[in-house]
Amino acid sequence: QVQLVASGGGLVQPGGSLRLSCVASGFRVSNALMTWYRQPLGKERELIASISSDGSETTYRESVQGRFTISKDNSENTVYLQMTTLKPEDTAVYYCAALDRGYWGQGTQVTVSS
């Protein structure tokens with residue numbers, strides 16, 4: 001059974017940091033194009049970061065470039081999103097997805113507010 005379980009969200013002040021985790025089961029992240037999306041309230045879901053199956057290539061949405069880092073640990077079958085210098089406009093539900101497999105996690109809420 002395929003599952004993607006995202007965690008690590010929460011309430012953080014502007015300028016703060018969070019690390020999101022996405023634990024996969026039922027398939028190997030080392031064989032998949034892994035991504036993080038987010039969906040602000042009332043807006044469309046948007047792709048913010050991706051990492052290739054072999055981990056050699058990463059891409060980022062312009063608005064998070066230089067602040068967010070996507071990575072994965074194949075031994076833990078987990079994908080991470082390290083978020084720094086958070087801004088109120090980063091507030092959203094964050095989802096991980098194995099984009100080339102069509103697998104989606106359940107989302108974790110990130111709220112950036114003072």
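Before moving on, here are some points about what is shown:
- Working note: Karplus 6.51/-1.76/1.60 with θ = phi - 60° gives the range 15-21 the couplings x, x, 10, 8, 10, 8, 10 Hz, where Gly and Pro are set to x.
- Between the listed residues Gln82, Gly42, Asn31, the Cα displaced farthest toward the positive end of the dipole of the chain, a dipole computed from Cβ unit charges relative to the Cα centre, is found at Gly42.
- Carbon and sulfur %, accessible surface of the chain computed with the full protein complex present, 1.4 Å: 45
- In order along the range 96-101, the Karplus-derived 3J(HN,Hα) couplings, from 6.51 cos²θ - 1.76 cosθ + 1.60 at θ = phi - 60°, round to 9, 8, 8, 4, 7, 9 Hz, and Gly and Pro are given as x.
- Close amide-amide hydrogen proximity is noted between Arg61 and Ala49, each under 5 Å apart and 5 or more residues distant or on a separate chain (H modeled in the peptide plane; Pro and chain starts excluded).
- Estimated dipole of the chain in Debye, rounded to 20 [Cβ of Lys and Arg +1, of Asp and Glu -1, Cα centre]: 180
- Beta bridges per DSSP, both residues in the chain: antiparallel share near 90 percent.
- Coil-residue trypsin sites (Lys or Arg not before Pro) of the range 43-77, DSSP, other Cβ within 10 Å capped at 13: Lys43
- Amide proton proximity set for Gly10, modelled H, under 5 Å, gap of 5+: Val110, Thr111
- For Lys72, the amide hydrogen comes within under 5 Å of the amide hydrogens of Tyr80, counting only partners 5 or more places away or on other chains and with H modelled in the peptide plane.
The values are calculated or read from the model by the stated rules, or taken from the named source; none is laboratory data. All figures in this text were calculated on a predicted structure; none of them were measured in a lab. Heads up, the Cβs are rebuilt from the backbone with ideal geometry, glycines too, and the neighbour counts pull from every protein chain shown. When the accessible area is computed, the model is the full protein with side chains, heavy atoms only, and any ligands, DNA or RNA have been set aside. Shrake-Rupley method; radii C 1.70, N 1.55, O 1.52, S 1.80 Å.
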